[in-house]
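I have placed the structure first, in the form of structure tokens, so that the comments after it can refer back to it.
The values are calculated or read from the model by the stated rules, or taken from the named source; none is laboratory data. All of these numbers come straight from a predicted model, not from anything done at the bench. Every residue, glycine among them, receives a Cβ derived from its backbone with ideal geometry; neighbour counts consider all protein chains shown. Side chains are part of the model used for accessible areas, which takes the heavy atoms of the whole protein and leaves out ligands, DNA and RNA. Shrake-Rupley method; radii C 1.70, N 1.55, O 1.52, S 1.80 Å.
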Amino acid sequence: MRPLNVCCLLLALAVLFLQAAPVRAATPVIPCRVIAEYPHDAGTSTQGLFYRDGVFYESSGGYGHSFLAVVDPATGRRLKTVPVPAELFAEGIAPRGDVLRMLTWKSGIGLIYTLDGLEPAGRFAYRGTWDATQGWGLVFDGKRFVMSTGASRLEWRDARTFAKVEELPVTDDGRPVSLLNELEFVGKWLYANIWKSDRVAIIDMGDGTVRAWLDLASLRGRLHPASGVANGIAYDPATGRLFVTGKCWDRLFEIEVPKLR
């Protein structure tokens, strides 16, 4: 019998290996399902958003025209608007107790406001003198703040001092996920807008793995063509309602919460 060609033998072994090796399923992509839609101020370049006591708190970015607002969900009308100093670019916001913290983009500082009346209540630093960290998204997990910086990592921050406590790399199938932006906890999962994308990463905070992607692309047909990128996630744990919007969107949507194991 003639000896088996070496190349054929190697090919046969490779086929057997691939058949025996477990196939890794791709990270699921979940289309969003709209429950309701509401007006949204198209002049708001949404940077941060959360829901509390029946209203939205929302920050809008831009040098010289950043602001913080309390917004009526039903009408999209601003009930209270506070301008941010012109040299600062407003970014993510998150409440703790009776105040909220707001990041600014490149300045290295954040601002503190009262929830009642949005009165200025102080400032804080989020980086050292020679640090290039930027402020993007912010959320509070009940014990610590979680901050995004536009990179492929999240930072835990001390609730009182805002000092960095720990970092968590975020990956999808082993690959870094960069441009993490606005953040919101929905149950045990962390939702993160991805800058320049209409997808939301649903992140397991135990290991930083993206367990699913929430696809908001279908909302484009309901928006004015001039609407910007998706950014802004708010969750009401009391009712289980999940809201999303974007930069200069003329609509805000209540969508179904994806079901994950």
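Consider LEU68 carefully, then state whether it is open to solvent by less than 30 Å² (accessible area, probe 1.4 Å), under 19 Å from the mean Cα position of the chain (by Cα) and either modelled with pLDDT of 95 or more or not polar (S, T, N, Q) (or both).
Yes.
Among strands (runs of 3 or more DSSP E) lying entirely in segment 23-121, which contain 3 or more residues that are closer than 27 Å to ALA217 by Cβ and in contact with a strand residue (DSSP E or B) (Cβ under 6 Å, 6 or more places away or on another chain)?
Per the criteria, 29-31, 34-39, 46-52, 55-60, 90-96.
Which of the residues that make up segment 156-172 are under 16 Å from GLY92 (Cα atoms) and touching a Leu at 6+ places or on another chain (Cβ under 8 Å)?
TRP156, the sole residue that qualifies.
Please state which one of GLU91, GLU119 is acidic (Asp, Glu) and crowded, with 16+ Cβ neighbours inside 10 Å.
It is GLU91.
Has segment 215-231 got any residue that is over 15 Å from THR46 (Cβ atoms) and among the hydrophobic types (A, V, I, L, M, F, W, C)?
Yes: one or more hits.
Matching residues to (1) touching a residue at least 24 places away in the same chain (Cβ under 8 Å); (2) farther than 23 Å from VAL177 by Cα; (3) aromatic (Phe, Trp, Tyr); (4) in contact with a Phe, Trp or Tyr (Cβ under 8 Å, 6 or more places away or on another chain):
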residue	(1), (2), (3), (4)
VAL210	yes, no, no, no
GLY221	no, yes, no, no
ILE233	yes, no, no, yes
ASP236	yes, yes, no, yes
GLY246	yes, no, no, no
ASP250	yes, yes, no, no
ILE255	yes, yes, no, yes
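What single numbered condition from (1) under 27 Å from GLY240 (Cα atoms); (2) buried (at least 17 other Cβ atoms within 10 Å of the Cβ) fails to hold for SER152?
(1)
In the list ARG127, ARG123, which residue meets the criterion of being without any contact (Cβ under 8 Å) to a residue 40 or more places away in the chain, basic (Lys, Arg) and touching a Lys or Arg at 6+ places or on another chain (Cβ under 9 Å)?
Selected residue: ARG127, the only one of ARG127, ARG123 that is without any contact (Cβ under 8 Å) to a residue 40 or more places away in the chain, basic (Lys, Arg) and touching a Lys or Arg at 6+ places or on another chain (Cβ under 9 Å).
Take LEU168 and tell me if it is free of Cβ contacts under 8 Å to residues at least 60 places away in the same chain, part of a strand (DSSP E or B) and on the phi < 0 side of the Ramachandran plot.
Against the criterion (free of Cβ contacts under 8 Å to residues at least 60 places away in the same chain, part of a strand (DSSP E or B) and on the phi < 0 side of the Ramachandran plot), LEU168 qualifies.
Let me confirm something: among PHE124, PHE162, which residue is open to solvent by less than 50 Å² (accessible area, probe 1.4 Å), modelled with pLDDT of 95 or more, within 26 Å of PRO83 (Cα to Cα) and outside any strand (DSSP E or B)?
Just a single option satisfies the conditions, and that option is PHE162.
Results for (1) within 29 Å of ASP198 (Cα to Cα); (2) more than 18 Å from the chain's Cα centre (by Cα); (3) at pLDDT below 95, shown as yes or no for each residue.
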residue	(1), (2), (3)
LEU18	no, yes, yes
ARG33	yes, yes, no
ASP41	yes, yes, no
GLY92	yes, no, no
TRP105	yes, no, no
LEU111	yes, yes, no
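Please work out which residue is nearest to SER60 (Cα to Cα), limiting yourself to segment 204-256 and to residues that are aliphatic (A, V, I, L, M) and open to solvent by 40 Å² or more (accessible area, probe 1.4 Å).
ALA226
If the requirement is being of a type in the set (Val, Ile, Thr), free of Cβ contacts under 8 Å to residues at least 60 places away in the same chain and buried (at least 16 other Cβ atoms within 10 Å of the Cβ), which of these qualifies: THR104, THR114?
When all the criteria are applied, what remains is THR104.
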